[in-house]
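Taking it in order: structure first as structure tokens, then the write-up.
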Amino acid sequence: MSTPFLAQSIRQLLLLFAVIVLTAACSKVKEEAIPPGSVVLALGDSLTDGAGVTREEAWPNLLAGKTGWVVINGGVSGDTSEGALRRLPSLLEQHAPVLVLVALGGNDMLRHIPQAETVANLEKIIALIKARGAKPVLLATPQPSIAGAVFQHLSAADFYRQVAGAQKVPLIKDAIAEVISDPQLKGDPLHPNTAGHVLLSEKIFNDLKSFGYTR
């Protein structure tokens with residue numbers, strides 16, 4: 001193969017790669033920004049409720065301060081995806097949120113509830129949110145792991161990506177895992193302390209910004 005022909009082939013491949021990357025980037029259409037004053041529901045368990053800190057110090061309230069939204073803390077300590085699914089209709093009826101942040105599944109994993117049940121409950125939760133005209137966002141909880149805790153590197157359970165992909169909803173994958181991997185950001189082995197909630201609210205805000213929900 002001659003040198004000029006090889007150079008031309010390389011240029012064509014690079015051009016094709018650039019077109020593919022640009023097309024993929026353009027296909028990710030951002031959501032419309034949610035204006036200040038809008039009602040947003042944070043549906044979750046103790047990580048949302050703020051176990052070990054006050055409600056004012058928990059990430060939903062801190063997120064409200066960053067966005068100007070009215071963020072309803074719908075966290076209940078110890079709750080599972082099934083319990084949250086039972087609570088959700090009344091919360092939607094009472095608050096009529098435009099956005100629902102779903103942070104569930106941690107207690108399901110700790111209680112060894114079959115993953116298929118958790119996935120089914122999360123899908124039903126997302127369906128209910130969509131049926132009420134609200135936008136769902138899924139937050140992943142880390143997979144319980146002794147090694148991950150020891151080496152301070154917890155990671156999100158794989159099923160969250162599965163649910164988000166199948167239901168076509170945004171996923172905040174690493175925020176919770178990164179915060180509770182750091183012992184200095186925890187008040188106990190499972191829950192963020194005040195500094196942890198501050199960082200968690202920042203990470204959630206930045207991800208929501210990347211989706212287009214905040215500016």
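Label positions at residue 209 and residue 55, each projected 7 Å from the Cα along the C-beta direction, are separated by 2.8 nm.
By the gyration tensor of its Cα atoms, with a ≥ b ≥ c the square roots of the eigenvalues, what is the shape of segment 56-153: rounded for a/c under 1.5, prolate for a/b over b/c, or oblate? Write down the numbers at each step before the final one.
Details: a/c = 2.24, a/b = 1.30, b/c = 1.72.
Oblate, since a/c reaches 1.5 and b/c is not below a/b.
Dipole magnitude for segment 67-206: about 420 debye, using +1 per Lys or Arg Cβ and -1 per Asp or Glu Cβ, origin at the Cα centre. Residues in segment 135-215 average 49 Å² of solvent-accessible surface per residue, probe 1.4 Å, ligands and nucleic acids excluded.
On full extension, the segment bounded by residue 111 and residue 70 gains 11.5 nm, given 0.36 nm per residue less the C-alpha separation.
How much of the accessible area of segment 71-215, probe 1.4 Å, is carbon plus sulfur, in whole percent? All intermediate terms of the calculation are to be shown ahead of the outcome.
On the way: 3730 of 6810 Å².
The value for segment 71-215 is 55 percent carbon and sulfur by accessible area.
For the peptides 87-94, 106-113, residues were scored by their other Cβ atoms within 10 Å and the scores averaged per peptide; the highest-first order is 106-113, 87-94.
Counting Lys and Arg as +1 and Asp and Glu as -1 over every other residue whose Cβ lies under 9 Å from the Cβ of residue 51, the net charge comes to -3. Would segment 96-215 count as rounded, prolate or oblate if I go by the C-alpha gyration tensor, calling it rounded below 1.5 in a/c and otherwise prolate when a/b exceeds b/c, oblate otherwise? Taking the square roots of the gyration eigenvalues as a ≥ b ≥ c, segment 96-215 is oblate.
The values are calculated or read from the model by the stated rules, or taken from the named source; none is laboratory data. Given the structure is predicted, the values throughout are model-derived calculations rather than measurements. Please note: Cβ atoms are built from the backbone with ideal geometry, for glycine as well, and neighbour counts cover all protein chains shown. Just so you know, the surface numbers come from the protein's heavy atoms only, side chains and all, with ligands and any DNA or RNA stripped out. Shrake-Rupley method; radii C 1.70, N 1.55, O 1.52, S 1.80 Å.
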